[in-house]
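Remarks on the structure that follows.
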Amino acid sequence: MAAAKQNDYDFPSGHTTAAFETGETLAYTFPQRYQQLITRSSEVGYDRVLAGRHSPLAVMGGRVIGTAMTAATLNDPNNQQLADQAYKDAQLICQVKKIRVPTTRLVIIKRTLRITLIG
């Protein structure tokens, strides 16, 4: 495996940060695709290590920062109306395509994000 250059600004992985911000936000709006979205976000980080552009620690840092940013954004009271509307719009699309929505997973996600942000 190739290693990132010593003089390269390796930490954190910006690609991984962006992947987790996007993946977790989409997982909030489409909880029925939660597993696939989080898995793909993880794969972005792994690909950066395989390409030799980042160390595993840089990828872990990107994941932590991306998750923290998502939790902060989704739990910000100023964003609550927008987040709720995004969820409703996404579920409307699912209803048109007749995709089942496991609402219990959404409750777990919201609780997890709040715990992540607080604790």
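The values are calculated or read from the model by the stated rules, or taken from the named source; none is laboratory data. The structure displayed is predicted, hence computed values, not measured ones. Note: ideal-geometry Cβ built from the backbone for every residue, glycine included; neighbour counts use all protein chains shown. Ligands, DNA and RNA are excluded from the accessible area calculation, which covers all protein heavy atoms including side chains. Shrake-Rupley method; radii C 1.70, N 1.55, O 1.52, S 1.80 Å.
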Residue match in region 79-95 (condition: out of contact with any strand residue (DSSP E or B) (no Cβ under 8 Å at 6 or more places or on another chain), outside any helix (DSSP H, G or I), at pLDDT below 80 and open to solvent by 80 Å² or more (accessible area, probe 1.4 Å)): no
Test: residue in region 29-52 that is farther than 21 Å from GLN91 by Cα, modelled with pLDDT under 90 and part of a loop (DSSP other than H, G, I, E, B): yes
Residues within region 18-46 that are surrounded by 19 or more Cβ atoms within 10 Å (Cβ to Cβ) and either of a type in the set (D, E, K, R) or within 8 Å of the chain's Cα centre (by Cα) (or both), tallied: 9
